[in-house]
Amino acid sequence: MAALIPAIKVFVSMIIKSKIKGLNDWLFIEDIPDVYSPNNTLNEKRVAIERKPVKMANFQLSSAGLFLLYSDMKFDEPTQVHTEVMGETITSHFIFYRPQSVKKLSIHGRSRHNIRYIPSAVQEYDMKAGMEYAYFLMVLSRNYYFHLIDRHSSLQEDFVQEMDKGVFVSFKQEDMVVTPEMQRIIGELKDNQKTGELRRLHTEAKIMELLICQLEQFHETGPDQRTVLRGPDIEKLEQARSILEANFANPPTQKELAIAVALNESKLRRGFKEYFATTIHEYTVRVRMECARRLLLEERRTINEAAEITGFTHQNNFSSAFKKYFGISPSDIRD
């Protein structure tokens, strides 16, 4: 008697498409080969869309087994975004959102992220009027994902077990807050100016770095380690972050910050670390250095001007802090 051979479900590509519910035209339709290949080139697209009720600027990057989308979005009225994913994918998504009336230096107000396995899905997302959204989506084929992370890794045993069953699963039951380090990596993926093989290597390295940051945060915040944060506490932590961003050149002490947001100093420190996955000091340094980088690269300010604006009284101290953070001196960053 011949042995029974189980049927194997084979996907040759990932099809990813999205549109605004009520509009006929698709915002994008991408058919991505499923199998990872280091020899495939990266394809880039930048598309601006302005059709009531949406205003959107998209950056897309794709290759075999990989699709990246960064989108800035504004909506004039409550809207639903319809997305379809066909084929097995692992998605890493990041969303930032804030009221249009609120302007911040380096972030989009509240944020969240997660990693999900999607064995084909149709989903709709509610978008509010008067809000600004920034959305970063990283879609990897199963083949590409396991090229980056060993399927037998202890970091993802439960996740892989559900994947093998073909069951939709999120790495964490609740989405986590995006850290400043994750924001930096996303920015480097989006703004990368390298070309050819260097760009492909850089992109793959940054994808791996981003996944590591996510996995690290997921495992650092197990149920037995988490601080209980309630709605009012979270609002105060968001207020503390706003204060740090508005005063990064001359930041308040932790005691002053705790008084300003009416939180116990110890709870402020622990809650900030839990909610934002970084310390108050690390976050202040991050905002300070990102502002310095923008001043030097985008506004073409002098090193002395960048040092003064970011709160350094001596240029040498600024240069040392900049090199410690970025690994390159301010004078070399423009080369």
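The values are calculated or read from the model by the stated rules, or taken from the named source; none is laboratory data. All values reported here derive from a predicted model rather than from experimental measurement. All Cβ positions, even for glycine, are placed from backbone atoms using ideal geometry, and neighbour counts span all protein chains on display. Please note that ligands, DNA and RNA were not included when accessible areas were found on the heavy atoms of the full protein model with its side chains. Shrake-Rupley method; radii C 1.70, N 1.55, O 1.52, S 1.80 Å.
What the table below lists for this structure:
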{"read-out": "Dipole moment magnitude, nearest 20 debye, segment 94-213 about Cα centre, only Lys, Arg, Asp, Glu C-beta charged", "value": "480"}
{"read-out": "Solvent-accessible heavy-atom area per residue, rounded to whole Å², over segment 255-335 at 1.4 Å", "value": "56"}
{"read-out": "Computed FRET value (nearest 0.05) for Arg199 with Gln239, which takes r as the C-beta separation and R₀ as 56 Å", "value": "0.90"}
{"read-out": "Segment 151-197 - accessible surface per residue (Å², probe 1.4 Å)", "value": "56"}
{"read-out": "Per residue solvent-accessible surface (Å²) - segment 31-89, probe of 1.4 Å", "value": "47"}
{"read-out": "Net charge of Cβ neighbours under 12 Å - reference Asp175; Lys, Arg +1; Asp, Glu -1", "value": "+3"}
{"read-out": "Computed P(r) (all Cα pairs; segment 112-266; 5 Å bins; percent)", "value": "1, 6, 12, 16, 17, 16, 13, 9, 6, 3, 0"}
{"read-out": "Using θ = phi - 60° and Karplus 6.51 cos²θ - 1.76 cosθ + 1.60, couplings along segment 208-214 (whole Hz; Gly, Pro as x)", "value": "5, 4, 5, 4, 4, 4, 5"}
{"read-out": "Angle in degrees between helix 265-276 and the longest Cα principal axis of the chain, rounded to the nearest 10", "value": "30"}
{"read-out": "Degrees separating the helix 280-297 axis from the principal Cα axis of the chain, which is the longest one", "value": "90"}
{"read-out": "Environment charge of Asp25, counting only residues whose C-beta is closer than 10 Å and scoring Lys/Arg +1, Asp/Glu -1", "value": "+2"}
{"read-out": "Cα Rg over Rh - the chain, Kirkwood", "value": "0.99"}
{"read-out": "Segment 106-167: mean projected area of Cα convex hull, nm²", "value": "6.2"}
{"read-out": "Potential lengthening between Glu77 and Glu220 on full extension [0.36 nm per residue; Cα-Cα distance subtracted]", "value": "47.6 nm"}
{"read-out": "Heavy-atom accessible surface of the chain: percent carbon and sulfur, 1.4 Å", "value": "51"}
{"read-out": "Whole-number Å³ per residue for the convex hull built on Cα positions in segment 286-333", "value": "59"}
{"read-out": "Net lengthening on full extension, Ser154/Ile29 (0.36 nm per residue, minus Cα-Cα)", "value": "41.5 nm"}
{"read-out": "Cα pair distances in segment 250-335, grouped into 10 Å bins until the bin that holds the longest one, percent each", "value": "17, 42, 24, 16, 1"}
